[in-house]
1. Within the set of pairs 6+ apart or on separate chains, which have a first residue in the stretch 52-72 that is surrounded by fewer than 17 Cβ atoms within 10 Å (Cβ to Cβ), a second that is in a helix (DSSP H, G or I) and among the β-branched types (V, I, T), and C-beta atoms under 6 Å apart?
2. For the stretch 12-122, list the helices (runs of 4 or more DSSP H) that sit wholly inside it and hold at least 3 residues that are in contact with a strand residue (DSSP E or B) (Cβ under 9 Å, 6 or more places away or on another chain) and at pLDDT 80 or above; which are they?
3. Could you please find all residues in the stretch 82-123 being farther than 30 Å from L58 by Cα and β-branched (V, I, T)?
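The values are calculated or read from the model by the stated rules, or taken from the named source; none is laboratory data. Since this is a predicted model, take the numbers as computed values, not measurements. No Cβ is skipped: glycine too gets one built from the backbone with ideal geometry, and neighbour counts run over all protein chains shown.
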Amino acid sequence: MVVVGVDKGAAYVEDDTLNHDNSLQKLNLDEQAHIVMNAILYIVKWTVEEARDKFADLLQSANKEPQSIFNRNRFVAAVVDAETFEAFEAWQKERRQGVANAFDELSAICQEDDYSLEVPKRKNRPTPFDK
């Protein structure tokens, strides 16, 4: 998969692994992913061989701006500074919070604001399986 362009909310890629005609595919992106994909297109590009041969230079450059690594014009990796990676991990962990965590957070907010949600009493409804 090769990223060939980024537009607001979408990335356009050539993917000969999914469809063998090399046609452009549109991938919908959230805002964070859009920023990352846009950055990848405009950063310094390394080949795998260059990255291996000049690894120290690659790491030094990554401290200044993200570095992308390509194998036969196919994006295979990105090297970023530790601070950027830690921020990415925190963002990813935050996104992984499930529904249970969201309800816990909502419950805490309701308690702080002394708000109570009245839940109606449960009733059994007739079903087609009732005799």
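1. Once the first residue is surrounded by fewer than 17 Cβ atoms within 10 Å (Cβ to Cβ) and sits in the stretch 52-72, its partners that are in a helix (DSSP H, G or I) and among the β-branched types (V, I, T) give N71/V48.
2. Working: elements: 31-41, 48-53, 55-62, 82-95, 99-112.
Here the list reads 48-53, 55-62.
3. Within the stretch 82-123, V99, I109, V119 meet the criteria.
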